[in-house]
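Just so you know, all these numbers are worked out from the coordinates, no wet-lab data involved. From a predicted model like this one, the values you see are computed outputs, not experimental measurements. Neighbour counts run over all protein chains shown; Cβ positions are idealised from the backbone, glycine included.
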Amino acid sequence: MNAPDRFELFVLAEGEKKITEKVVSGMSNCSDFILLKEDHTLGNLLSAYLKMAPHVMMAAYKIGHPNVPEVLLRVQTDGSITPREALVTVCKQLVAMYGQLGREFQKELALRQYADQGEHAGGAGGAPGGGPSGQNGF
Amino acid sequence: MDYDPMVMDDAEALGPVVKISQADSVRVKYELSNSDIAFANSLRRVMLAEIPTIAIDLVEIEENSSVLADEFIAHRLGLIPLNAEGVENLLYARECDCDGCCEHCSVKLMLHAKCTGDENMHVFARDLVPVGERVNQVLGTPVFSDAEGLGPLILKLRPGQEVKLECIAKKGIAKEHAKWAPSAAIGFEYDPHNKLRHIDLWYETDAKAEWPPSEYASWEEPPQEGEPFDYDAVPNRFYFNVESAGSLPPDTIVSEGIKVLQQKLAGLIHELAEGEGDGMNGDYNGPRSPEYGTGADGFGGYTTPFGNGGNQSSWGGAGGTTPYGTTPYGAGQSNWS
Ligand SMILES: [Zn+2]
């Protein structure tokens, strides 16, 4: 009856911002980023790659409550770049890496299709009930 | 522009590598190597929960004299895979200007079946007929992957019983309800020899003898006898097995997953760049999303090698019209009832 709409898990409410930065006062070059309507998919990914990034001293994330779709990401740098710059760099790097993954995948798929076509000599691709079972593994 | 892949170590600079071991209309199996577990797992999570598809979300029942309760049938209808090709051109109903639903944010399907014979009748997904305007000619059509092209069995009717209902299919993601999941299952595996000891295998006397080796065990070097444990080792080869539930071909699930993840990241870049003013994020300023960027690589589009064959049943024409009238399936199928 008073259950919230399920899409509130991933749709920003009126006036909400996807990401906000809060400078952590007690620590040098340190910021908390609050990501609204996000989960471990971004939290773990960003904190893992921030840890590997140059000039980043510390990175960690938490999801305070499993029912609350909010991620807190804390980043501390060595001072030569700001935490915000570190995060932007990591995001750009990840976009590029996923882009490369997509291209690699399509390239491999095209190669396979080409090989399969040779094998089945233009056999009907995808007859009901299974299609060509590309069993020619390695 | 300046995507310097931020050298972490020499191997990382090469970026992810993919090797496909099986690809057909139902599943794609591939190895993702030279990568990182966070990178691989985020892709897995997105393919499970955040790729938009279309599923029945509203059912208006006019007549139901079957033995199944209205809500039971409505639930079964929601779970029927519908073709999601072109769903990117459909609006989310909550973002549409119409009140309720319209052809820009939904697909209407009708089901009308009455058992007029003297044997029990079976009502299949095939009897679910899209009506009215649609974004394209296939979006929202039930998917048939069985040899007969009938699709899943929805319910059975005794002589004299009848169901008549109208369904509204909407766009959504599996985070809202699992019926929108494009994948039936995603296998995800790494370290088949358990060298990293992320798994603590249960056993009676000998784990090695009691557990069958992984399908990928031969892909990786088995541990040497008496090999010391490497505390610094991290997984970098991941074995995916993406199985489609029917609404999208498996390779599209992978490429759409990548796209969704890129859009998430680009959204962050865009927000973080806002108010910065300086040229730091120059190439991401403005309302541009990587959707378009990646399109240049022949990657943004929706067409897949399986687009025409795998997803779309060749049944449509053969069985002829099923004008949601009574379906003559009573005869010859009585072994079911
Ligand atoms: Zn609408």
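When N is the residue count of the range B:1-133, what does its C-alpha Rg come to as a fraction of 2.2 N^0.38 Å?
1.60
How high is the relative contact order of the range B:18-137, given as a whole-number percent (alpha carbon pairs under 8 Å, six or more residues apart)?
That works out to 17 percent.
Using a 10 Å cut-off around each Cβ of peptide B:128-134, what is the average number of partner chain Cβ atoms that fall inside?
That average works out to 0.
Give the angle, between 0 and 90 degrees and rounded to the nearest 10, that separates the Cα long axis of helix A:40-52 from the longest principal axis of the Cα atoms of chain A.
70
Compute the relative contact order of the range A:17-90 as a whole-number percentage, counting only Cα pairs closer than 8 Å that sit 6 or more residues apart in sequence.
34
Using the Karplus equation 6.51 cos²θ - 1.76 cosθ + 1.60 (θ = phi - 60°), what ³J(HN,Hα) coupling, rounded to whole Hz, does each residue of the range B:211-224 give in order, writing x for Gly and Pro?
Each residue of the range B:211-224 in turn: 9, x, x, 5, 4, 9, 4, 6, 7, 10, 5, x, x, 6 Hz.
Taking only C-alpha pairs under 8 Å that are 6+ residues apart, what is the relative contact order of chain A in percent?
Normalised by residue count, the contact order of chain A is 18 percent.
Please arrange A:K22, A:K51, B:K171, B:K29 by counting, for each residue, the other beta carbons lying within 10 Å of its beta carbon, fewest first.
A:K22, A:K51, B:K29, B:K171
Among A:E108, B:E274, B:E71, rank each residue by its count of other Cβ atoms within 10 Å, from fewest to most, as a rough exposure measure.
B:E71, B:E274, A:E108
Fewest first, what order do B:C98, B:C105 take by the number of other Cβ atoms within 10 Å?
Lowest to highest Cβ neighbour count: B:C98, B:C105.
Find, to one decimal place in angstroms, the Kirkwood hydrodynamic radius of the range A:15-120, where the mean of 1/r is taken over every pair of different Cα atoms and then inverted.
Result for the range A:15-120 stands at 15.7 Å.
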